[in-house]
1. Expressed as a rounded percentage, what relative contact order does segment 1-137 have, with Cα pairs under 8 Å and six or more residues apart?
2. Give or take rounding to whole Å, what are the principal axis extents of the alpha carbon atoms in segment 121-169, in descending order?
3. List, largest first, the extents of the alpha carbons of segment 81-174 along their principal axes, each in whole Å.
4. Given the options ASP242, ASP25, ASP181, state which has the largest fluctuation in a GNM of the chain using a 10 Å cut-off (strictly under) for Cα springs.
5. Regarding segment 1-75, what are the three Cα extents along the principal axes, ordered largest first, in Å?
6. By how many degrees, 0 to 90 and rounded to 10, does the Cα axis of helix 91-101 deviate from the longest principal axis of the chain?
7. Distances longer than 15 Å among the Cα atoms of segment 247-292: what percent of all pairs is that?
8. Kindly provide the helix-only [θ] at 222 nm of the chain, computed as the sum of -39,500 (n - 2.57) over DSSP H runs of four or more divided by all residues, to the nearest 500 deg cm²/dmol?
Amino acid sequence: MTRHFLNLSDAGGDAIAAMLADAIDRKALRKGWPKGKPDADRPLDGHVLAMIFEKSSTRTRFSFEMAMRQLGGSAIVADAGSMQLGRGETVADTAQVLSRYVDAIMLRTDGHDNVEEMARHASVPVINALTDLSHPCQIVADLLTIVEHGKALPGLQLAWLGDGNNVLNSIVEAAGLMQFDVRIGCPEGYDPDEGFIGRARQGGAKISIHRDAAEAAAGADIIVADTWISMGQEGGEAKMADMSPYQVDAALMGQAKPDALFLHCLPAHRGEEVTPAVIDGPQSVIFDEAENRLHAQKSILRWVFGQL
Ligand code: CP
């Protein structure tokens, strides 16, 4: 069976735990090495990843390419607009053609149906590098960051402030798989996907939605914020007004536990979803989180190739 990684549940809780352990081990083994030097065991020697972007990216683009280099493989990066895909060639044909050239395909696109269509027609693993529905690669990096900073996942209280977007959907999915609770502070009309919430609750996670930001943040181990206006979204001014009570400032951080961490997947808009005092303050671990995109994705790649 070809292993695709379109959502965290494609791997499941045990595999995610294995990815986190692998990422911690591999990160320690190459500490201090030049970043382009391959890992000693080169587990993906000779493997090539096609990376297709319909939307902008800094972290995903660089971290996946460096991940392939460090695993001993390589990557081919293309913007969808420069491919025939951007001129109407079907996802199905693209999937079948690329499967003849490369060993795995990574796609960042708007519609989640595009990654599903790619996976249906590809004979190699397909990885979701962000859709409007979910961002599973980001959340493996977030979990790695949380664990690295000494917090166990089972029983963790994570508070999300702001828009119920694709990143939050994947956090909620992770909660059901890894047994932690999510307290969502968001205005009416911006709740995350009901399907993800229902499955997480079935998995044993407590998922609560609060219209009061302080109530959501109270006693949290982790506070997470994200940009209020996602890539390609319209209607900015009305949404910004709706979101403004959910800005993470020092007072809101003060509602969380004294040792709470602040996470943000970046890019950030200082003064909007978070104040500079918080995102650049002592509880913020945003650059560890960004670095961990690289280490987490190496383990996701190893998983899709059946090595974990
Ligand atoms: N967090 C994240 O996915 O960053 P990029 O959009 O820069 O890839």
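Coordinate-derived values only; no laboratory data. Model, not experiment: these values are computed from the prediction. As a convention, Cβ positions derive from the backbone with ideal geometry for all residues, glycine included, and neighbour counts pool all protein chains shown.
1. Answer for segment 1-137 is 28 percent.
2. Extents along the principal axes, in whole Å: 40, 25, 15.
3. 45, 28, 22
4. ASP25
5. Extents along the principal axes, in whole Å: 33, 31, 23.
6. With both axes taken from Cα atoms, the answer is about 50 degrees.
7. That tail contains 37 percent of the Cα-Cα pairs.
8. -12000 deg cm²/dmol
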